[in-house]
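Undergrad: What follows is a single structure, and I will ask about it in a moment.
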Amino acid sequence: MSSSETLHPFVTPTVQVSRLFESHDAQIYAKLDLLQLSGSTKERTANGLIEELLSSGQLVPGGMIIESTSGNLGIALARQCVVRGLRFTAVVDENANTVALELMRAYGATVDLVETPADGNKLAARRRRVRELLVAHPGSVTSNQYGSPANPRAHFESTMPEIIAGSGGNLDYLFIATSTTGTLLGCQNYIREHELDTKIVAVDSVGSVLFGGQSGIRRLPGLGAGVVPELAAGAEPDLVFAMEEIEMVRGCRLLARREGILAGASTGAIVAAMGKVLPDLEPGKRIAFMVHDTGVPYLETVYNDAWVRATLNADPEPEPEPQPKPESGPATEPGQAANPEEVTAS
């Protein structure tokens, strides 16, 4: 029924990067989950969600999974379902990029495209459509990435232990992009259970309603949410950054050109957020961040100059790297930054 060697997520490298922010004295580690077979950290989530459904008896061999997705989880679920002999329907919206949809279909998934409703809430519309399809297909189940405890459990059991092992532990900050908050919550639970001093920085999108944000237009998938997911009730990051989409674009390009890592929009948001934090850190701080997914599905958007100028009405090129502040006393922590709107404690 399955091929064990391609079924379970890989242990991906956690590598130290030195060229990304050369003017700042920090040790920075990148968790390269773009190297998962499906191209993202959602490989871990998909595996955990399906294992939970199978072990509980909710999903039977040969059954059908229906899930709302902005792209990466759909690709991962589609791949996992192929290996497990399951059927999969991905409910997507008009923000999903064409490459992601083609990848899902290549794995044999059915793609159900939901039009944007009058209120503009794409996520709510996708979740309504999932409920409709569950009724239309008796015996089908949803993996419920927004509320299943299997989502954060996957990252508690694999993502965070791998980061600690790969970085040598004793991290000061961990940067994670947020959507369902499953990755953040799993890492948070691990940090608390093991009594680590690591602070979690949640990186969100302007236009996302997570962490008290205001709903707005979001054109790049994979980051933020239009509806607060059930899992978010337990997510308590130490710092929160809401990034503009042009900042995500520039962060992606900086990572590609400095470190040769082609990542997606959510990782670009993390790079931009790190650029805001670093000038306020004491020398020698140890930082890790998730490279959540590959940038290949974003070649026609994030890495396309014409798309960026036409859609975001901005120059796509990275801005000059901010320089360390002159020493004038004890260094401040990020929560003490001069502009309180840039950093929000949660």
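Undergrad: Using beta carbons and a limit of 8 Å, which pairs, at least six apart or on different chains, have the first residue in the range 179-200 and closer than 30 Å to residue 122 by Cα and the second one open to solvent by 60 Å² or more (accessible area, probe 1.4 Å) and assigned to a helix (DSSP H, G or I)?
TA: 186/153; 186/157
Undergrad: State all residues of the range 240-263 that are open to solvent by 10 Å² or more (accessible area, probe 1.4 Å) and either hydrophobic (A, V, I, L, M, F, W, C) or without any contact (Cβ under 8 Å) to a residue 12 or more places away in the chain (or both); if no residue qualifies, say none.
TA: Passing the criteria: 240, 242, 246, 254, 256, 260, 261, 262.
Undergrad: What about residue 230, is it among the acidic types (Asp, Glu), more than 22 Å from residue 123 (Cβ to Cβ) and open to solvent by 10 Å² or more (accessible area, probe 1.4 Å)?
TA: Here the answer is no, as residue 230 does not meet what is asked.
Undergrad: Related question: Hey, could you check the range 162-213 for residues that are open to solvent by 40 Å² or more (accessible area, probe 1.4 Å) and of a type in the set (S, T, N, Q) and say which is farthest from residue 242 (Cα to Cα)? Reasoning before the result, please.
TA: Filtering the range 162-213 for residues open to solvent by 40 Å² or more (accessible area, probe 1.4 Å) gives 165, 168, 170, 172, 189, 192-197, 199, 206, 211-212.
Pick out the ones that are also of a type in the set (S, T, N, Q) and you get 170, 189.
Working: 170: 26, 189: 23 Å.
Only one residue fits best here, namely 170.
Yes/no per residue for (1) touching a residue at least 24 places away in the same chain (Cβ under 8 Å); (2) at negative phi:
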site: 56; (1), (2): no, yes
site: 76; (1), (2): yes, yes
site: 85; (1), (2): yes, no
site: 93; (1), (2): yes, yes
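Undergrad: Would you pick out the residues in the range 203-243 that are of a type in the set (Gly, Ala, Ser) and assigned to a strand (DSSP E or B)?
TA: 205, 242
Undergrad: State which residue is most open to solvent (accessible area, probe 1.4 Å) when the search covers only the range 106-137 and only residues that are within 18 Å of residue 222 (Cα to Cα) and touching a helix residue (DSSP H, G or I) at 6+ places or on another chain (Cβ under 7 Å).
TA: Here the residue is 116.
Undergrad: Identify all residues within the range 27-67 that are over 22 Å from residue 183 (Cα atoms) and either in contact with a Phe, Trp or Tyr (Cβ under 9 Å, 6 or more places away or on another chain) or buried (at least 21 other Cβ atoms within 10 Å of the Cβ) (or both); write none if there are none.
TA: Matches in the range 27-67: 59, 64.
Undergrad: Out of the residues in the range 102-130 meeting the condition of being part of a loop (DSSP other than H, G, I, E, B) and of a type in the set (A, V, I, L, M, F, W, C), tell me which one is farthest from residue 297 (Cα to Cα).
TA: That would be 118.
Undergrad: State all residues of the range 264-318 that are in a helix (DSSP H, G or I), open to solvent by less than 40 Å² (accessible area, probe 1.4 Å) and among the hydrophobic types (A, V, I, L, M, F, W, C); if no residue qualifies, say none.
TA: Answer for the range 264-318, where residues must be in a helix (DSSP H, G or I), open to solvent by less than 40 Å² (accessible area, probe 1.4 Å) and among the hydrophobic types (A, V, I, L, M, F, W, C): 265, 269, 270, 271, 272, 273, 274, 277, 278, 308, 312.
Undergrad: Let me ask another. With the structure loaded, tell me whether residue 103 is in contact with a helix residue (DSSP H, G or I) (Cβ under 6 Å, 6 or more places away or on another chain), open to solvent by 30 Å² or more (accessible area, probe 1.4 Å) and either on the phi > 0 side of the Ramachandran plot or not polar (S, T, N, Q) (or both) or whether it fails that test.
TA: yes
Undergrad: Could you tell me which numbered condition residue 147 fails, if it satisfies all but one of (1) in contact (Cβ under 8 Å) with a residue 60 or more places away in the chain; (2) outside any loop (DSSP other than H, G, I, E, B); (3) not polar (S, T, N, Q)?
TA: (2)
The values are calculated or read from the model by the stated rules, or taken from the named source; none is laboratory data. Everything numeric in this text was worked out from a predicted model, so none of it was measured. Because the Cβ atoms are built from the backbone with ideal geometry, glycine has one as well, and the counts that use them run over all protein chains shown. Surface accessibility is based on the protein's heavy atoms, side chains included, excluding ligands, DNA and RNA. Shrake-Rupley method; radii C 1.70, N 1.55, O 1.52, S 1.80 Å.
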